[in-house]
Structure formats: C-alpha cells, structure tokens
Amino acid sequence: MNVTAPAAAPPASRKPLYKSLFFQILVAVVAGILIGHFWPDIGAGLRPLGDGFIQLIKMIIAPLIFLVIVTGIAAVSDVKAVGRTGVKALIYFTAATLFALVFGLVVGNVVQPGAGLNIDPASLSQDALNAKTATAPPKDAGAFILGIIPTSVVGAFASNSLLQVLCFAVFFGAAIVVVGRERCMPVVTLMETVLELFFKIMGWVMRVAPVGAFGAMAFIIGQYGLSSLGTYALLIAACYGAAIVFIGLLFVVAWVYPRVPLWQFMKYTREEFLLALGTASTESVLPRIMTKLTNAGCSRATTGLVVPTGYSFNLDGAALYLSISLLFLAQAFGYNLDLGQQLAALGILMLTSKGMAGVPGSAFLALSATAGALGIFPVAGVALLLGADRLMDSMRVVVNLLGNCVATFVVAKWEGQFDRAAMLRAFAGETTTADAALEPAGTSVPGSVKAGAAVEQPPLGTSAPAVR
C-alpha cells in the first residue's frame, strides 16, 4: 500500500512581544517605579489601581478554590487519599517553616544586622505600632484551629476566609465520594461547567494585571521612597541574601525528589511571579498558579489542598524575615540572645507565625507577641521595622510563592499524584493554561502513579468537555 505521510503541522506563529503578559507587566512595574520616584505624590495616589486589581482577584478566589477542591476529590474518589495528602502537606509545611526560622536565626547571628545601632528604648512610641496592627490581639493555637471551622458557609465565602472555604470544600467533596459518583454526576457536571466559567473570568481579570502592577508599584515607591534603603541596608542585605540561599535549597529539593527543573518552572510561571512582585501580594496570582501547577502534572485534588493551605501554613519568606528581624531588634537595643533564648524565640515564632495568617500587619503582630513573651526588649521596639517592612515584600513574596509551588510538587509526588510527562509538556509550551486545569483530576499517565493511589478514574463531567 502506498501511504502518504501526513503533512507536518505548521509551526505556531510567535506572539508579538508587546502582546506578552510578562512584557506588559514588566513595563508596568518599571513605569510604576519611575512615577513613584520622580512624582511621589502622584505615585502615592495610584494605590486604588493596585487595590482594585487585587479585589478583582479576591472576587473569584473563594469559589474557585471550592470548585477545584470538590471536583478534584470527586475525581480521586478516595477520602483516605485526601486525608493522607493533607497530613503529608502539614508535615512538609512544619519542616519547611522550622528550617526557614532556624536558617534565619543563623543568618542573623552571623551578619549581626542590628549591631551598633544602640537604640534608646525611651525614645520609642507605641502609637505607630498600634496604627499598623490595629491593636489586634494575637490568636493562640486553640483560637486559630477553631477559626478554620466556619460558623456559616455563606460567611466563609463572603469574608474570603480561604481556610474555612477549604474546610467546607473537603467535607463537600468527601460527601460526594461517600454518596456515590454516579448519583452525584449532575452536581459534579454542573461544578465542572461553573469552574470553566470561572477560568474564563480569570482570563478577563488578568488582562488588567499590568494596570494593577503599575498602580501598586507606583504607590509603594511613592509612599516609602528609595531613600530608606540606606537606613536598613544591612538588614535588607541579610534578608535578601538569606532568601537567595533558601531559593537555591528549594532548587535542590525540587530536583532531588520530584525531579522538577525549578528554573524551567520559574520560566513557565514568570508572568505569575512578576505580577506577585508588582502587586507585593501572592494572593493576586493564587488562581493562576493553581492552574499552572495542575497543568504541570500535579493532580487537581493535591493542588487544591496544598496551595491554599500553604498560603497560611507555609510562609517560608515570612519565616526568614521574622527570625532575622527578631535578632535585628535585639541587637539594636544592645541585647545578645543566648542559645536558650533563641530556642525559646524559635518555639514562639513557630506558633505566632501560623496564628497570624491572613491578619493585616501579621509580621508585627508575630514579632510583638514574641517580644512580649521573651521580655528582653520593649514591644514598642517592633515599630523600628515600619520603614523596612515594605522593602521586604519582594523577598517574602518570591520565597513564599516558590516555597508553596515546591511543596505542591513534593506532596503530589509523595502521594503518587504527579505526572512528570505532563510537566515536561507544559514546560515545552504544549499545554495551554486552561487545558489540563479543566480536565478531570487524576488522569495521570500510567506508570506515573503508585499502586493503590486510586486516581485513575473514569472522566467526570463528560457532558462539559474542556475548551481546547
């Protein structure tokens, strides 16, 4: 038989540079820095642009997380697997946060960023600190755990309380599994369709991302200026240096266990990282980063559980900042903490850093609670960090976001719900943003899932196919 080989598909036309979201956000960030520096009054007045964009993102976060988690659990069809994923995620989060805090203490002891400042405690005022934290009392462990359980499902969605939404979503998804996938198919199909609609809305919102990044960056520079860099030079250098080393360690972890080339992942998610830098918020990229991780081979159920939980429990960048800043403050007042005091501070920071999740001025609240418990320097001394706090946003945002992405890969691999072949296809640009995210969770390539993982299930929601 004379068979004619099919013609090769023509190469996809390259998108013009000016249409690239990464390029648009980069230009917007640079423009925001220039406006904020040369016209600070105008820059400070552009804050509504950044705040408006973040509010648009918050508008879809809670329902998107709910839909992703419920449909993911329904596809896995194994409640025990969901429980294992949650436990493994918390184990990883605890280990990562503990390491970040210890590493920050090591850096603070070596660099001594506050040595020689000799601050007089009598010159401090509590008013500035109270204005930043709104005098909110820190939560204890019990209050924090109770806060995860919603008193009202509607209230959890209305207040955008991500942990409460996650809690209800797990119960809802588990109920679907117990009642039976076939009986609940109309509900699951409806959710798949609504999820597709939310991804479409997310695409529209992302079109104005450059405007939000421009306004946020102009406000930060216009309000706080670049001149404050010199005042806190050693503290800033210590924090950013520690962040670079910590990121290097994340590269090693990502490659050694799940075999993820993290540099390619960062190239793949460069738009999300640049937007997070521009808006000084990881929350602004939560929906998109979950989609990218799902495309990159992590099951929808794992991504839906790990990423939102990590936003409260796995703040590696904030942990670095807290431990280094604590030693900075002690050294600024002329105190040298011994090993026992530093270990006590480590334990307190482990608790306060978790209990402060989602609270405005959380870093100041955590440091205030630690300073009050140690009783070595006045709590009002935490106000010394007011001038440097916003300058640390870039460090915290990048480390927090990258740490949660690595955690998702590690937990997905640990639970046997990671498809490396899908990851390589996504990195090569063969999977669009909406493709894998709208497909049923747990459809990994055979051989990529360990035995007993119970993730290879018949497709859900076949009446609402993904848009290609």
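The values are calculated or read from the model by the stated rules, or taken from the named source; none is laboratory data. Nothing here was measured: the structure is a model prediction, and the numbers come from that model. Cβ atoms come from the backbone with ideal geometry, glycine included; neighbour counts cover every protein chain shown. When the accessible area is computed, the model is the full protein with side chains, heavy atoms only, and any ligands, DNA or RNA have been set aside. Shrake-Rupley method; radii C 1.70, N 1.55, O 1.52, S 1.80 Å.
Summary of values
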quantity	calculated
From the options Ala31, Ala62, residue that is closer than 30 Å to Phe168 by Cβ and at pLDDT 75 or above	Ala62
First in segment 250-278 and within 24 Å of Leu26 (Cα to Cα) and touching a residue at least 12 places away in the same chain (Cβ under 8 Å), second anywhere and open to solvent by less than 10 Å² (accessible area, probe 1.4 Å) and not in a helix (DSSP H, G or I), Cβ under 9 Å, 6 or more apart	Phe265/Ala296; Tyr268/Ala296; Thr269/Ala296
Criterion (assigned to a helix (DSSP H, G or I), at pLDDT 90 or above and open to solvent by less than 10 Å² (accessible area, probe 1.4 Å)) met by exactly one of Ala100, Ala96	Ala100
Every residue from segment 78-93 that is open to solvent by 20 Å² or more (accessible area, probe 1.4 Å), at pLDDT 90 or above and not hydroxyl-bearing (Ser, Thr, Tyr)	Lys88, Ile91
Test: residue in segment 339-346 that is of a type outside the set (S, T, N, Q), at pLDDT 85 or above and under 29 Å from Arg259 (Cα atoms)	no
Selection from segment 151-203 of residues that are part of a helix (DSSP H, G or I) and of a type in the set (Ser, Thr, Tyr)	Thr189, Thr193
Some residue of segment 205-228 being within 25 Å of Ala428 (Cα to Cα) and under 19 Å from the mean Cα position of the chain (by Cα)	yes
Considering residues of segment 260-280 that are within 27 Å of Thr71 (Cα to Cα) and outside any helix (DSSP H, G or I) only, the residue nearest to the chain's Cα centre (by Cα)	Thr269
Pair list, Cβ < 7 Å and 6+ apart or interchain, from segment 23-43 residues that are open to solvent by less than 60 Å² (accessible area, probe 1.4 Å) to residues that are part of a loop (DSSP other than H, G, I, E, B) and of a type in the set (Val, Ile, Thr)	none
Those residues of segment 290-315 which are farther than 17 Å from Phe168 by Cα, polar (S, T, N, Q) and out of contact with any Asp or Glu (no Cβ under 7 Å at 6 or more places or on another chain), in sequence order	Thr291, Thr294, Ser299, Asn314
Residue match in segment 233-249 (condition: small (Gly, Ala, Ser), crowded, with 18+ Cβ neighbours inside 10 Å and within 29 Å of Ile61 (Cβ to Cβ))	yes
Members of segment 103-113 found to be open to solvent by 20 Å² or more (accessible area, probe 1.4 Å) and touching a Phe, Trp or Tyr at 6+ places or on another chain (Cβ under 7 Å), listed by number	Phe103
Yes/no for Val177 being touching an Asp or Glu at 6+ places or on another chain (Cβ under 8 Å) and over 26 Å from Arg47 (Cα atoms)	yes
Single condition Trp204 does not satisfy, out of (1) modelled with pLDDT of 90 or more; (2) farther than 23 Å from Leu320 by Cβ; (3) of a type in the set (Phe, Trp, Tyr)	(1)
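Each row is one residue, and each column tells you yes or no for (1) crowded, with 19+ Cβ neighbours inside 10 Å; (2) in contact (Cβ under 8 Å) with a residue 24 or more places away in the chain; (3) not hydroxyl-bearing (Ser, Thr, Tyr).
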| position | (1), (2), (3) |
| --- | --- |
| Ser152 | no, no, no |
| Ala158 | no, no, yes |
| Leu162 | yes, yes, yes |
| Val178 | no, yes, yes |
| Arg183 | no, no, yes |
| Pro186 | no, no, yes |
| Met191 | yes, yes, yes |
